[in-house]
Each structure stands twice: as structure tokens, then as C-alpha cells.
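Structure record follows, encoded as C-alpha cells.
Since every read-out is calculated from the coordinates, none of them should be taken as a lab result. Small disclaimer: the values here were computed from a predicted structure and weren't measured. Positions of Cβ are generated from backbone atoms using ideal geometry, with glycine treated the same way; all protein chains shown enter the neighbour counts.
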Amino acid sequence: MSAEPAAAGGDAAARTGPEQVETAAEEPARLLVGGTEVARYVVDPALDARHGPRPYLHPVRTLGGTLVTDALPADHVWHLGASLAVQDVNGSNLWGGRTYVRDVGYTWRDDHGRIAHTGWSQRLPDRLAHRLEWRDPTGAVLLTERRHLAAVGVTGQGPAGELPAWRLELDYALNAPAGQDVRLGSPATNGRPGGAGYGGFFWRAVSAEPARVFSASATGEEAVNGSAEPWVALVGAGPDGGAYTLVFDGLGDGDRWFVRTAMYPGVGVAFAFARPVTIAAGATRRGRHRVVVADGALDVAAAGALLGSPGDHRLGREAID
């Protein structure tokens with residue numbers, strides 16, 4: 001299956017704009033597990049608007065220190081670690097890069113909005129909560145959001161015995177304005193073939209060698225992309241050569257997995273994989289995702305066991321009601 005080409009969203013074209021080096025107006029927040037920093041959360045990046053400015057997690061590491069995220073990569077500069085982003089929100093591109101236009105293809109347009117941090121609700125070593133606004137290019141608010149993140153230590157069984165790891169928990173509520181429906185779309189819903197229904201919660205991984213992806217019943221990009229498997233795992237190697245495994249769960253109703261390994265390593269929960277999704281005026285779309293971050297290359301049994309009980313969530317939905 002073909003991945004979205006860099007030329008179609010275009011690293012070379014992106015470099016014609018302002019300097020790409022990321023800076024932040026506010027120091028990144030940190031997430032710790034047992035005193036070990038496992039992730040930094042950049043809440044207010046100063047980026048070219050065409051890169052889809054939004055809060056993101058990077059760098060994210062295993063407890064052993066292996067890097068497992070990438071940000072501002074040359075092939076897709078707008079890929080920012082682990083983040084929430086959608087390419088078509090009532091016609092505004094909050095993903096970054098070129099916009100896919102039906103019967104035309106990827107096109108540079110002045111349609112880029114941003115997802116802006118507007119205030120902290122909680123800021124603890126292992127837990128963060130804040131408020132956000134999803135804005136169109138004029139600054140008008142498309143959606144408001146409440147988001148919680150937490151880092152939790154977990155223990156599973158790997159090939160060599162007991163395996164310490166940690167779990168990212170992401171819980172959010174997207175609220176549409178009282179007077180307007182909000183439509184969420186993707187390149188696929190705008191006419192692009194090839195399983196390119198990306199947009200939602202997306203994790204751009206880093207791997208020094210070809211990554212591999214699998215679920216409990218399928219293996220490889222072709223088989224897993226677009227599926228609704230209960231969980232998906234990606235195995236890669238960090239820049240230091242250390243193997244790692246990421247295990248994702250948390251599809252909502254109608255969501256599908258978006259995965260890439262051929263062009264780059266990435267896993268996402270796609271909101272509008274095959275058809276648009278509408279958040280009705282005044283309504284709320286809630287999401288909850290977990291990602292277990294482990295050292296080592298795990299097999300199917302070990303990856304599935306790391307997730308534990310599907311109901312074992314530290315963050316309750318009542319926390320953002």
C-alpha cells in the first residue's frame with residue numbers, strides 16, 4: 001500500500017517558507033514515571049502555520065531511554081511526535097502540509113489553522129490536563145477541547161521474563177459550538193484512494209531499521225491499515241539501535257487504524273478513515289487512547305498482555321465532564 005508521498009505534502013515545498021526550527025513560547029511540560037522522564041509535552045510551538053502548530057509529545061522514550069518519537073522529519077515536516085490533528089475540520093487544515101482536493105490532488109492552500117493551548121487545569125509529574133481551542137486560519141474557534149494525559153508504570157512478561165514498561169493515557173473531549181455542526185474529514189473522504197484516511201490521534205515513530213506492525217490477528221501494513229482490531233503494535237529500533245515496542249488501543253465507534261511502515265513508521269487512530277464524521281452543534285466527541293511503551297521487540301502474546309484489562313484505565317471519563 002502506498003504511503004502519502006512527501007512530494008504530495010512536500011518537504012521541498014515546505015522549505016520555501018519561514019525557518020522550520022521549532023521553538024516554544026512556554027517550556028515543555030514533562031511526564032515522569034518513578035522519577036524517570038519519559039516524555040516532554042510541547043504545548044505552544046512556534047511553527048510555520050503550514051506545519052499545523054499544535055501541542056505534541058516529543059521526545060518520548062522507553063524507561064531504558066530509547067527514543068520512540070520523531071518530530072519535524074524531512075519526509076513530512078508537519079509530523080510532530082504524538083499529537084491530535086485532523087486535516088479537514090470544516091474546511092480548515094489542522095494537520096499541516098498540503099490539502100488533498102478532490103479531482104486535483106495535494107495542493108498548497110491558505111487553509112491552515114492551529115490547535116492552541118489556552119490554559120492548564122492540572123500539571124503534576126505524572127499527569128497533565130489543559131484546555132485548547134481548534135482554530136481556523138482567521139483565528140475563529142472551530143472546537144474547544146479538554147485534554148488529560150498521564151504516564152503510568154506497568155509490568156508485563158517479555159521473552160526474557162518480567163518486563164518494566166510504561167503507559168501513556170490520553171483522554172479528551174472535543175466540543176462543537178452551540179450554533180454549528182463540525183465536520184471532520186481526511187484525504188480519503190476528499191477523494192484520495194489508497195487507504196489514506198489519516199487524521200485523529202497520530203504517533204510518528206522513529207526507527208533506525210524498517211519497523212513492523214501487527215495486531216492479534218494480522219501482520220503488516222497492508223493487513224492492519226484500515227482495520228478495527230482491538231489493538232495494534234509497532235516494533236522498531238531507536239537511533240541508539242535499541243529495540244522497542246509500542247502497543248496502541250482505544251478505537252472509538254467508527255474509528256480505524258491508520259498505519260505506515262514502508263515510507264515511515266507511524267500509527268494513528270483515524271477519525272474519518274472512509275467517511276466524514278460530524279460533531280453536531282453543541283455536542284461532544286470523546287476519545288480515550290492508551291499506548292504502552294516498552295523496551296525490546298515483543299511478540300504478539302507479550303504485546304497483548306502488556307495492555308492488561310481493556311477496562312483498566314486510570315483516567316475516568318467523568319474527569320473531563
Report the label-to-label distance for residue 212 and residue 228 in nanometres (one decimal), using points 7 Å from each Cα along the Cα→Cβ vector.
2.8
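Quickly estimate the mean residue ellipticity at 222 nm for the chain, helices only: each DSSP H run with n ≥ 4 gives -39500 (n - 2.57), and the total goes over all residues, rounded to 500.
Details: 4 runs with 20 residues, N = 321.
My calculation for the chain gives -1000 deg cm²/dmol from helical runs alone.
What share of Cα pairs, in percent, lie more than 25 angstrom apart in the chain? Don't jump to the answer; show the numbers that get you there.
Working: 23421 of 51360 pairs.
Here the long-distance tail beyond 25 Å is 46 percent of all Cα pairs in the chain.
From the gyration tensor of the Cα coordinates in the range 136-246, what semi-axes in whole Å does the equivalent ellipsoid have, largest first, with each one equal to sqrt(5λ)?
32, 21, 14
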Scan the range 70-113 for trypsin sites (Lys or Arg not before Pro) in coil per DSSP, keeping those whose Cβ has at most 14 other Cβ atoms within 10 Å, and list them by number.
102, 109
When the Debye formula is applied to the Cα atoms of the range 85-147, each taken as the same point scatterer, what base-10 log of I(q)/I(0) results at q = 0.15, 0.17, 0.18, 0.25 Å⁻¹?
-0.53, -0.62, -0.67, -0.97
